[in-house]
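Right, one structure below, let's go through it.
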Amino acid sequence: MDPVYGWSIQQGRLGEGVILTSPEREEVTYALRFDFHTSNNEAEYEALLAGLRLAKQMGAKSVTALTDSRLAANQVNGTFEVRDPRMGKYVKMVKQLVGSFGRFAIKQIPRSENKRAYALSKLASTCFDHLSKKVLVEVLR
């Protein structure tokens with residue numbers, strides 16, 4: 001598989017969404033819910049790291065990351081200087097994982113092109129505490 005994944009973050013959200021797409025257009029969707037405090041930038045990097053780990057587990061040799069995060073895309077590409085030590089740690093972890101792939105690219109895309117990953121982040125951040133532990137989902141056609 002040659003996954004491509006995108007992620008989205010909005011102010012105050014507690015979750016992220018990752019979508020991996022193979023060259024055959026097979027998709028794996030992944031909703032992340034954070035049980036710890038993160039800044040928006042940290043959440044963006046957590047999603048990137050989760051996507052890279054999943055791509056590695058799936059045996060990807062070439063990965064293109066699509067993100068609406070200008071900061072993450074440019075820091076990983078080396079276009080933006082990393083001033084915050086916490087962001088520096090994230091960039092270091094990303095670069096270590098990126099070494100697992102033969103080819104890696106990260107590209108910024110408009111938010112309007114990242115709606116599906118945003119929907120996953122919204123799902124992940126929704127509080128289901130009032131529901132029982134089992135939630136059944138039925139798709140009606």
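Just so it is clear, none of the values below were taken in a lab; they were calculated from the coordinates. Every value quoted in this text rests on a predicted model; they were computed, and no experiment measured them. All Cβ positions, even for glycine, are placed from backbone atoms using ideal geometry, and neighbour counts span all protein chains on display.
Observations on the structure shown:
- Environment charge of ARG86, counting only residues whose C-beta is closer than 15 Å and scoring Lys/Arg +1, Asp/Glu -1: -2
- Label sites at THR38 and SER112, each approximated as a point 7 angstrom past Cα along Cα to Cβ, lie 2.7 nm apart.
- Residues ASP68, ASP35, ASP84, sorted so that the one with the fewest Cβ neighbours within 10 Å comes first: ASP35, ASP84, ASP68
- Residues TYR90, TYR30, TYR45, sorted so that the one with the fewest Cβ neighbours within 10 Å comes first: TYR30, TYR90, TYR45
- Whole-Å distance, taken between Cα centres, linking the stretch 10-72 and the stretch 74-108: 13
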